[in-house]
Amino acid sequence: MAVDEAGGAVQRGSSSALSTDTPPQGLSIPSDATAPVFASGPGARGRILATAMRLFYYEGIRSVGIDRLIAESSVTKATFYKHFGSKDALILTYMQCVHEEAVATVNALAAEAGDGAKTLHALVAHLQRDAQRDDFRGCPFINAASEFPDASHPVRVIVTTHRDWYTAFISEQFRLAGHPLPGDAADEFILVRDGAMVGGYVGDSVATTAALSRLGDHCLAGL
């Protein structure tokens with residue numbers, strides 16, 4: 001679900017930097033039935049960020065140290081600090097990347113679907129494919145929030161900003177589909193989505209996707 005803002009690391013404490021631009025090539029976590037492909041990207045900065053995208057998602061943000069990031073990126077310590085300055089700056093860039101990739105993915109689904117109801121149905125199908133991936137590790141935003149309990153932390157600010165964007169997007173799709181209470185419907189949809197992301201990782205992915213299908217039909221009834 002993402003990629004770095006144009007040209008630089010997100011500054012610590014900045015939440016307004018979140019954008020919806022198309023992510024640069026080579027730093028993607030595609031949400032489909034295939035395993036994510038983490039390309040190296042252009043240059044040392046791209047390798048560092050691609051490594052962070054892989055390790056932070058699969059192993060956790062706090063558990064991965066700078067020395068390992070440097071070693072697996074095949075860069076020197078001086079090069080790492082030249083491009084990011086600190087692990088904190090890299091973490092925020094990672095979160096920015098995940099946000100922007102999610103925006104690009106959802107916007108692409110909406111453009112292909114063509115209307116609100118079809119977009120919502122496409123999102124449910126997309127979530128089902130996500131949860132069935134063998135390498136699925138859940139939602140990167142939920143995962144990040146669990147590692148940073150302080151709601152005022154810059155990571156949590158990005159998580160909140162992303163979820164506000166997603167809620168507004170889903171609500172608009174329900175409005176376009178003619179739902180009488182699009183905000184309430186969006187809240188229900190996102191609750192189902194969050195459950196599927198957690199269940200697909202820690203539970204039985206087959207049971208999760210089956211339940212998602214039933215609950216998705218309930219949320220989208222009449223659309």
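The values are calculated or read from the model by the stated rules, or taken from the named source; none is laboratory data. None of the values given here were measured: they were computed from a predicted structure. Counting neighbours? That spans all protein chains shown, and the Cβs are built from the backbone with ideal geometry, glycine included.
Answer yes or no as to whether Arg156 is crowded, with 19+ Cβ neighbours inside 10 Å, out of contact with any Lys or Arg (no Cβ under 9 Å at 6 or more places or on another chain) and on the phi < 0 side of the Ramachandran plot.
Yes: the conditions hold for Arg156.
Quick one: which of Leu176, Leu181, Leu120, Leu223 is at pLDDT below 95 and farther than 30 Å from Ala52 by Cβ?
Answer to the check: Leu223.
Restricted to region 173-200, and to residues that are assigned to a loop (DSSP other than H, G, I, E, B) and in contact with a helix residue (DSSP H, G or I) (Cβ under 6 Å, 6 or more places away or on another chain), which residue is surrounded by the fewest Cβ atoms within 10 Å (Cβ to Cβ)?
In this case the residue turns out to be Ala177.
Return the pairs, sorted by first residue and then second, in which the second residue is aromatic (Phe, Trp, Tyr), the first residue lies in region 196-221 and is closer than 16 Å to Leu123 by Cβ, the beta carbons are less than 6 Å apart, and the residues are 6+ apart or on different chains.
Cβ pairs passing all conditions: Gly200/Phe136; Cys219/Phe189.
Would you mind finding the one in Ile91, Ile66, Ile70, Ile170 that is surrounded by 18 or more Cβ atoms within 10 Å (Cβ to Cβ), at pLDDT 95 or above, over 22 Å from Gly195 (Cβ atoms) and in contact with a helix residue (DSSP H, G or I) (Cβ under 6 Å, 6 or more places away or on another chain)?
When all the criteria are applied, what remains is Ile70.
Are any of the residues in region 74-88 assigned to a helix (DSSP H, G or I), under 20 Å from Asp135 (Cβ atoms) and charged (D, E, K, R)?
Step one: filter region 74-88 for residues assigned to a helix (DSSP H, G or I), giving 77-83, 87-88.
Going one step further and asking which of them are under 20 Å from Asp135 (Cβ atoms), we end up with none.
Within region 74-88 (the criterion being assigned to a helix (DSSP H, G or I), under 20 Å from Asp135 (Cβ atoms) and charged (D, E, K, R)), the answer is no, since none of the residues qualifies.
Which is among the small types (Gly, Ala, Ser) and in contact with a Phe, Trp or Tyr (Cβ under 9 Å, 6 or more places away or on another chain), of Ala177, Ala168, Ala144? Walk me through how you get there before you give the answer.
Numbers: Ala177 fails: in contact with a Phe, Trp or Tyr (Cβ under 9 Å, 6 or more places away or on another chain); Ala168 fails: in contact with a Phe, Trp or Tyr (Cβ under 9 Å, 6 or more places away or on another chain).
The match here is Ala144.
Which of the following residues is modelled with pLDDT under 95 and out of contact with any Cys (no Cβ under 6 Å at 6 or more places or on another chain): Glu59, Glu5?
Glu5
Return the residues of region 201-220 that are surrounded by 18 or more Cβ atoms within 10 Å (Cβ to Cβ), in a helix (DSSP H, G or I) and out of contact with any Asp or Glu (no Cβ under 7 Å at 6 or more places or on another chain); say none if nothing qualifies. Can you show your working first?
Filtering region 201-220 for residues surrounded by 18 or more Cβ atoms within 10 Å (Cβ to Cβ) gives 201, 205, 208-209, 212, 215-216, 219-220.
So of that shortlist, the ones also in a helix (DSSP H, G or I) come out as 201, 205, 208-209, 212, 215-216, 219.
Across region 201-220, the qualifying residues are Tyr201, Ser205, Thr208, Thr209, Leu212, Leu215, Gly216.
So is Gln132 touching a Ser or Thr at 6+ places or on another chain (Cβ under 8 Å) and within 27 Å of Ile61 (Cα to Cα) or not?
yes
Of all the residues that make up region 113-134, how many are surrounded by fewer than 20 Cβ atoms within 10 Å (Cβ to Cβ) and within 21 Å of Ser213 (Cα to Cα)?
13
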